[in-house]
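Undergrad: Dropping a structure here in structure tokens format, bear with me for questions.
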Amino acid sequence: FLNHEIGDKIIQNLDLSSSVGVLGAGAGAETLAFFYLLADRNVVGNNLSISLVDMEDWSSQREVSLIQALKLLDKTFFPKKIKSFSYDLVSSEGTLFLKKFIPAHDLIICPAIFTELPADSRSRTFISIIFENMSRGAKILIVDQSKVKKFDDACIQWARDNRMECLHMGNSYPLRVPDPPAQSFADHILNGSNGLMPRKNYFFSSILLRKI
């Protein structure tokens, strides 16, 4: 879906030496999609710094699904730095980390993190902390399954937040997952760990916001 209008809005005015933070990065599929977008638009990405954050250690899965795949791209699209951090982002320690991490990044990507947040007020507080600590002009992309914990409703609320400008919002897009997945991918990632299993399709929604 990044190859549509939202992708152009993500990379518009993105400095080539920007820092990109991915919260709930998992195996890195969405991070790889971001670099495929840069390659498709012929935007050089080798001065970008990428920081991947997740509660679990995904290093072995990322080596297969992200690092090896990035190495197949032209070297001008391989990021300058790739850092990994492990934090429970709704814990007090995670909140302290976010308050330092968020202002240092020009683009924040939250892929399916809403799914993993507690189904209570902490999820709203978590997103509010991100909004509060973003630098002026920084962007945030939040993507998740449409009906998970009323994600569509949350997107509408975020679009109305007076700290943010809504650049794009899309609801209930169908996404077909290739079937069957590559065996190496299935063995390392879609093996039941972290709740990931092969599936044929799902519906997702997304919102892109900029701090004003």
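Undergrad: Mind listing whichever residues of region 3-16 are part of a loop (DSSP other than H, G, I, E, B) and acidic (D, E)?
TA: Taking region 3-16 as the starting set, the residues that turn out to be part of a loop (DSSP other than H, G, I, E, B) are 3-4, 12-16.
Scanning region 3-16 gives a single hit, D15.
Undergrad: I'd like to check something: does region 43-63 contain any residue that is under 18 Å from A138 (Cβ atoms) and among the acidic types (D, E)?
TA: No.
Undergrad: Quick check on this structure: which one of I127, I50, I102 is more than 21 Å from D161 (Cα to Cα) and out of contact with any Leu (no Cβ under 7 Å at 6 or more places or on another chain)?
TA: Exactly one residue qualifies, and that residue is I50.
Undergrad: While we're on this one: Is it true that A112 is of a type in the set (G, A, S), open to solvent by less than 10 Å² (accessible area, probe 1.4 Å) and closer than 15 Å to L23 by Cβ?
TA: Against the criterion (of a type in the set (G, A, S), open to solvent by less than 10 Å² (accessible area, probe 1.4 Å) and closer than 15 Å to L23 by Cβ), A112 does not qualify.
Undergrad: Still on this structure: For region 17-54, give me each residue that is of a type outside the set (S, T, N, Q), assigned to a loop (DSSP other than H, G, I, E, B) and surrounded by fewer than 17 Cβ atoms within 10 Å (Cβ to Cβ).
TA: Listed by number, the residues that qualify are R41, V43, V44.
Undergrad: Does region 84-96 contain any residue that is surrounded by fewer than 19 Cβ atoms within 10 Å (Cβ to Cβ), outside any strand (DSSP E or B), at pLDDT 90 or above and hydrophobic (A, V, I, L, M, F, W, C)?
TA: Within region 84-96, one or more residues are surrounded by fewer than 19 Cβ atoms within 10 Å (Cβ to Cβ), outside any strand (DSSP E or B), at pLDDT 90 or above and hydrophobic (A, V, I, L, M, F, W, C).
Undergrad: Pick out the one residue from E165, E132 that is modelled with pLDDT of 90 or more and not in a helix (DSSP H, G or I).
TA: Criteria check complete, one pass: E165.
Undergrad: Quick check on region 1-16: of everything there that is among the aliphatic types (A, V, I, L, M) and modelled with pLDDT of 90 or more, which residue is most open to solvent (accessible area, probe 1.4 Å)? Before you say what the answer is, go through the steps one by one.
TA: We begin by selecting, within region 1-16, every residue among the aliphatic types (A, V, I, L, M); these are 2, 6, 10-11, 14, 16.
Filter again for modelled with pLDDT of 90 or more, leaving 10-11.
Numbers: I10: 6, I11: 27 Å².
Once the filter is applied, the top-ranked residue is I11.
Undergrad: Name every residue in region 44-67 that is small (G, A, S) and out of contact with any strand residue (DSSP E or B) (no Cβ under 6 Å at 6 or more places or on another chain), in order of residue number.
TA: G45, S59, S60, S65
Undergrad: So, one more: Out of the residues in region 130-156 that are free of Cβ contacts under 8 Å to residues at least 24 places away in the same chain and at negative phi, which is most open to solvent (accessible area, probe 1.4 Å)?
TA: The selected residue is D153.
Undergrad: Can you find, within region 115-129, the residue that is nearest to the chain's Cα centre (by Cα) among those that are surrounded by fewer than 19 Cβ atoms within 10 Å (Cβ to Cβ) and assigned to a loop (DSSP other than H, G, I, E, B)?
TA: P118
The values are calculated or read from the model by the stated rules, or taken from the named source; none is laboratory data. A quick note: this is a predicted structure, and the numbers were derived from the prediction, not measured. No Cβ is skipped: glycine too gets one built from the backbone with ideal geometry, and neighbour counts run over all protein chains shown. All accessible areas refer to the heavy atoms of the entire protein, side chains included, with ligands and DNA or RNA removed. Shrake-Rupley method; radii C 1.70, N 1.55, O 1.52, S 1.80 Å.
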